[in-house]
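Here is the structure we will look at.
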Amino acid sequence: MISRAYHATLFALYQLCIMIGIVAMPIAIAARQAGLTLPVHRVLENVEEAYEAAQH
């Protein structure tokens, strides 16, 4: 039961990170033009790795 809840939570977190990345795209573009980068891709990669590892 805990395993199912853990998988569901990771899946929801993964989907939330994707949504935040999409919503933050205009902000990221403006930040890049100003010479800054947002580490959204790192967060998404970490959550994706955790989700994939939990499936095995």
**Report entry** Any pair with Cβ under 8 angstrom, 6 or more apart, that starts in the stretch 40-56 at a residue that is closer than 14 Å to T9 by Cβ and ends at one that is open to solvent by 90 Å² or more (accessible area, probe 1.4 Å)
**Finding:** Y51/F11; A54/Y6
Query - Residues (under 11 Å from E48 (Cβ atoms) and free of Cβ contacts under 8 Å to residues at least 40 places away in the same chain) located in the stretch 1-14 - result: L13, Y14
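The values are calculated or read from the model by the stated rules, or taken from the named source; none is laboratory data. Note that this is a predicted model, so its numbers are computed, not measured. Cβ coordinates were reconstructed from backbone atoms using ideal geometry, including for glycine residues, and neighbour counts include every protein chain displayed. For accessibility, only protein heavy atoms count, side chains too; no ligands or nucleic acids. Shrake-Rupley method; radii C 1.70, N 1.55, O 1.52, S 1.80 Å.
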